[in-house]
């Protein structure tokens, strides 16, 4: 394989990984929605399903952490690619920003205050 094919192969694996993590998050959130809906449909107390629902939400948080790591990996690969002199390589299924946004992301919870 030539350089372009090797880079395209890594990029394809990266995009597949990003999609797999996003799909897992989607499925996990659907699971929580299904659990809540089933509990309501069966008129079961929220207390009885609290532990299992908490574990499902814990899994979503872990998947979110995994997604952050994959996005960070993407950013590092982008830097490596440019550092090695391969120029800009913008392939993949999605629109990409021109420059990587290094601003820290804030969560809405960071903006909440006690009144």
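Bear in mind these aren't lab numbers, they're just calculated from the coordinates by the rules spelled out. What you are looking at is a predicted structure, and each value in this text was computed from that prediction instead of being measured. Here Cβ is always computed from backbone atoms with ideal geometry, including for glycine, and neighbour counts include all displayed protein chains.
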If you average over every viewing direction, what projected area does the convex hull of the Cα atoms of the range 1-68 give, in nm²? 5.4 nm²
Sorted from fewest to most neighbouring beta carbons within 10 Å, what does the list 6, 32, 47 look like? 47, 6, 32
